[in-house]
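Asks: My structure is below; once you've seen it, I'll send some questions.
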Amino acid sequence: MSPASHGVSVRIDGCGKTFADGTRALDPATLDIARGETLVLLGPSGCGKTTMLRIIAGLEAPDPGGSVLFDGKDVTSLPIERRNVGMVFQSYALFPNMTVADNIGYGLKIRGVARDERAARVAELVALTNITGLENRRIDQLSGGQRQRVALARAVAIRPGILLLDEPLTALDAALRDRLRGELNRLLRALGITTIYVTHDQAEAMELGDRIVVMRKGGIAQIGSPREIYFAPKDRFVAEFVGAANIVEAPMEKGELILPGGRLPVGGETTTARATLMIRPESIRVVDTGAGSLAGIIDAVSFVGDRQRLVVSGASTKPLNVDAPNTIQAKAGDRIGLSIPPEALRILPSED
Amino acid sequence: MSQKSFVWLCLLPLAVVTTAFFLLPMGRLVIAGAEGPHGFAGYLAILTESRYRATLINTVLLAAATTIVTLLVATIAGMFLQRHRFPGRAVLIAMLTFPLAFPGVVVGFMIILLAGRQGLIGDLSNRLFGEKIVFAYSIYGLFLGYLYFSIPRVILTIMAAVQKLDVSLEEAARSLGAGPWAVQRDVVLPALAPAFVASGAIAFATAMGAFGTAFTLATNIDVLPMLIYTEFTLAANFATSAALSVGLGLITWLILALARSFSGSAVAAAG
């Protein structure tokens, strides 16, 4: 299996979805996904990400006017069984009346692949997904992580043009989720297959995605690489949904933000009278009182091991979240100075 | 009072009722079956006597045919009713389950109205072909009657089972390339297997033992309950009727047990 051997490029053109009861699940959206790319649809529940996945899969038809193209070919009217897509469901949807091997080989059996060839392909996938020894188990004898692997093996067994994953790690506990996320990432890179991954977990989106589509209320809020989404969010929603963010809204004067705890140089050409800014907690440095541009009082300290999260009041209009190294001594009531480099500030469009 | 003796105390009413109204009469029935001129060999007569054996086979065939046809009709109907929403759906379901309230006599009566000497079918065929088709008083009429009251029960069970089906299983099969028939064969039907066994068992047992409908249609239909009735009331042959009763119970139980063990693997897997 050579990388990128069987991926397709996908184009979604003006696909919206209105359900029979009049609910608008997805505003008409246009999106291009390159061959071999991993695209993550990220958003809170009800944002339309699953609807978009199901339209690409062929499980939902887009509203009239929308079309889905695989490698430039219009597949809008093709049902899912003729689109050659691999799909992994949140519940895994493994067939309980079949063994692990039969589950993985099912798509090949439907395609009329001969028994020997099928067995060879199943063995290949069993090895690839690290489930050797489980081939003859029944599904109810598997753990959650094993089920997830079987579901993935079954989906890629048919050499799909595109792999669609609907919150595949959500049903697992946190530690296992972290491990499988890394494993999944390596596997997707190795397969080189075009992948669309739906999740509400921003850490998953960051690690797995070549590009992330942040969605909100049926619309696309921002499309970009994980770095772009994290460092240059387009608006307040993206800033707050992806990672932790302090949103500061205050009057401006001579390129400086006027805050209760001091004046904060923003840099660049800003002429507005008020500004809304995003500051990531880890970009704020704790310094001696008077040394930084802002001063405040520590309200609370939560030590989380690799770092400590301070809540600092009096510095900004609202308490600031600050991620400090785990080595500094800090306790509630301490007066500290804060230094924020201008390049760590992101000016957001003001919202009402 | 310990937890354990409290549980036993709670089970006491059940034990009393079971003993008084089930175990004792059953025991008496088994003994009565052996009180004929041939003793316990009287039981063998069910199989050796050709008239009894023919009736037994008839009854089993009728019950099996009823079960199979009921499952076929009710599965398709139940799946459709559960998966589709259309005006009049609630009324249709209410109508389909209406016969649940009818005793066997009423069902027999309706079969006579449909296929009896003055029945609708006879009337119609007389006008069309000049020949009256009458089958209410035969085993075919009985078959129709049993279908009529088995279908509602099975439809309700199947609808409940279809509602619990995981739709993503069907979607997963489709994503792997399975067309509508393959999805039914590989995913839907295996998942419904427990419901088939449960509702099929009820349909089968009912058709084996129902009496009211048969009695309303005719007294000479060759089914076991009718045979027991005629041996008991007309021929006053207590020993034989007792033996036949025990036989009917045992054979029904045996066939259901067999069906359950055959489908056992499928049921366990789908559960």
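Asks: How large is ³J(HN,Hα), in whole Hz, for each residue of segment B:188-198 in order, when computed from phi with the Karplus curve 6.51 cos²θ - 1.76 cosθ + 1.60 and θ = phi - 60°, using x for Gly and Pro?
Replies: My calculation for segment B:188-198 gives 5, 5, x, 6, 8, 3, x, 5, 4, 5, 5 Hz in order.
Asks: Using a Gaussian network model of chain B with C-alpha springs under 10 Å, which one of B:Thr230, B:Thr213, B:Thr19 is most mobile by mean-square fluctuation?
Replies: Fluctuation is largest for B:Thr19.
Asks: Then there's this: Which of B:Phe149, B:Phe21, B:Phe135 moves the most in a Gaussian network model of chain B with Cα springs under 10 Å?
Replies: Result: B:Phe21 has the largest fluctuation of those listed.
Asks: Here's something else I'd like to know. Which is the longest part of chain B that has none of the trypsin sites (Lys or Arg not before Pro) sitting in a DSSP loop with at most 16 other Cβ atoms within 10 Å? Intermediate values should be presented prior to the final figure.
Replies: Numbers: sites that count: B:Arg85, B:Arg117, B:Lys132.
Counting only loop sites that pass the neighbour cut-off, the longest clear stretch is B:133-271.
Asks: Oh, and also: What does the charge dipole of segment A:239-352 about its Cα centre add up to, to the nearest 20 debye, if the Cβ of each Lys and Arg holds +1 and the Cβ of each Asp and Glu holds -1?
Replies: Working: 11 positive and 14 negative charges, 54 e Å.
Using only the charged Cβ atoms, the result is roughly 260 debye.
Asks: Additional query: Taking other Cβ within 10 Å of each residue's Cβ, how do A:Val100, A:Val126, B:Val167 sort, fewest first?
Replies: Working: A:Val100 26, A:Val126 20, B:Val167 12.
Neighbour counts put them in this order, fewest first: B:Val167, A:Val126, A:Val100.
Asks: Would you please give the residues with an amide H less than 5 Å from that of A:Gln222, counting only those at least 5 places away or on a separate chain, with H modeled from the backbone geometry?
Replies: The answer is A:Val214.
Asks: Separate question: Relative to the present Cα-Cα distance, how much length would full extension add between B:Phe6 and B:Arg89 at 0.36 nm per residue of separation?
Replies: Numbers: separation 83, 0.36 × 83 = 29.88 nm, distance 4.82 nm.
Working it through step by step, the gained length comes to 25.1 nm.
Asks: So which trypsin sites (Lys or Arg not before Pro) in segment A:139-220 are both in a DSSP loop and have at most 16 other Cβ atoms within 10 Å of their Cβ? List each step's numbers first, then the result.
Replies: Working: sites: A:Arg147, A:Arg149, A:Arg154, A:Arg177, A:Arg179, A:Arg181, A:Arg186, A:Arg189, A:Arg211, A:Arg216, A:Lys217; in loops: A:Lys217.
Here the trypsin sites (Lys or Arg not before Pro) that fit, given the DSSP loop and packing criteria, are A:Lys217.
Asks: Return B:Val30, B:Val107 ranked ascending by Cβ neighbour count within 10 Å, so the fewest neighbours appear first. Could you put the intermediate results ahead of the total?
Replies: Numbers: B:Val30 16, B:Val107 23.
Arranged by neighbour count, lowest to highest, B:Val30, B:Val107 become B:Val30, B:Val107.
Asks: Kindly provide the GluC sites (Glu not before Pro) of segment A:232-341 that DSSP labels as loop, not H, G, I, E or B, and whose Cβ sees at most 12 other Cβ atoms within 10 Å. Walk me through the intermediate numbers first.
Replies: Values: sites: A:Glu240, A:Glu249, A:Glu253, A:Glu256, A:Glu269, A:Glu282; in loops: A:Glu269.
Counting only loop positions with at most 12 other Cβ atoms within 10 Å, the GluC sites (Glu not before Pro) in segment A:232-341 are A:Glu269.
Asks: In addition: Among B:Leu11, A:Val248, A:Ala232, pick out the residue whose Cα is farthest towards the positive end of the charge dipole of the protein assembly as shown, where Lys and Arg carry +1 and Asp and Glu carry -1 on C-beta, about the Cα centre.
Replies: Of the candidates, B:Leu11 comes out farthest on the positive side.
Asks: Continuing with this model, one more query. At what distance in angstrom do the alpha carbon centres of segment B:170-228 and segment B:1-68 lie from each other?
Replies: Taking the Cα centre of each part, segment B:170-228 and segment B:1-68 sit 24 Å apart.
Asks: Enter the Cα centre distance for the pair segment A:242-283 and segment A:86-139, rounded to the nearest angstrom.
Replies: Taking the Cα centre of each part, segment A:242-283 and segment A:86-139 sit 55 Å apart.
Asks: Which value at 222 nm does chain A reach when only helices count, each DSSP H run of 4 or more adding -39,500 (n - 2.57), with the total divided by all residues and rounded to the nearest 500 deg cm²/dmol? Walk me through the numbers on the way to the answer.
Replies: Details: 8 runs with 85 residues, N = 352.
Helix-only estimate at 222 nm: -7000 deg cm²/dmol.
Asks: Neighbouring Cβ atoms within 10 Å as the yardstick, rank A:Asp102, A:Asp71, A:Asp116 fewest first.
Replies: Details: A:Asp102 18, A:Asp71 14, A:Asp116 8.
Ascending Cβ contact count within 10 Å gives the list A:Asp116, A:Asp71, A:Asp102.
Asks: So, one more: How many Cβ atoms of partner chains, on average, are near each residue of B:178-184 if near means within 10 Å of its Cβ?
Replies: The mean count of partner-chain Cβ atoms within 10 Å per residue comes to 3.
Asks: Give the long-range amide H neighbours of A:Leu165: residues separated by 5 or more places, or on another chain, with amide H under 5 Å away, using H modelled in the peptide plane at 1.01 Å from N.
Replies: A:Val88, A:Ile196, A:Tyr197, A:Val198
Asks: Need one word for chain A: rounded, prolate or oblate. Basis is the Cα gyration tensor (sqrt eigenvalues a ≥ b ≥ c); a/c below 1.5 gives rounded, then a/b vs b/c decides.
Replies: Details: a/c = 2.99, a/b = 1.84, b/c = 1.63.
Judged from the Cα gyration tensor, chain A comes out prolate (a/c at least 1.5, a/b above b/c).
Asks: Can you find, among B:Ala77, B:Gly36, B:Gly104, the residue sitting farthest towards the positive end of the charge dipole of segment B:1-129, where Lys and Arg contribute +1 and Asp and Glu -1 at Cβ?
Replies: Projecting each Cα onto the dipole axis, the largest value belongs to B:Ala77.
Asks: Something else: What trypsin sites (Lys or Arg not before Pro) in segment A:254-352 are in a loop by DSSP, with at most 15 other Cβ atoms within 10 Å of the Cβ? Let's see the in-between values first.
Replies: Values: sites: A:Lys254, A:Arg263, A:Arg274, A:Arg285, A:Arg307, A:Arg309, A:Lys331, A:Arg335, A:Arg346; in loops: A:Lys254, A:Lys331.
Sites meeting the loop and neighbour criteria: A:Lys254, A:Lys331.
Asks: Using the Karplus curve 6.51 cos²θ - 1.76 cosθ + 1.60 with θ = phi - 60°, what ³J(HN,Hα) values do you get for each residue of segment B:36-44, in whole Hz, with x for Gly and Pro?
Replies: x, x, 9, x, 5, 5, x, 5, 5
Asks: Would you mind telling me which residue in A:Met206, A:Met252, A:Met215 has the biggest mean-square fluctuation in a Gaussian network model of chain A, where springs connect alpha carbons within a distance under 10 angstrom?
Replies: A:Met252
Asks: Same structure, new question: Check A:Thr76: other-chain or 5+ apart residues with amide H under 5 Å from its amide H, H built from backbone geometry?
Replies: So A:Thr76 has HN proximity to A:Val68.
Asks: Still on this structure, I have one more. Please compute the average number of Cβ atoms from other chains found within 10 Å of each residue's Cβ in peptide A:83-96.
Replies: Values: counts 3, 3, 4, 2, 6, 2, 7, 1, 5, 3, 10, 2, 10, 9.
For this peptide, the per-residue mean of nearby foreign Cβ atoms is 5.
Asks: Further question: Between segment A:290-328 and segment B:126-161, what is the C-alpha centre distance in whole Å?
Replies: 80 Å
Coordinate-derived values only; no laboratory data. Since this is a predicted model, take the numbers as computed values, not measurements. Neighbour counts run over all protein chains shown; Cβ positions are idealised from the backbone, glycine included.
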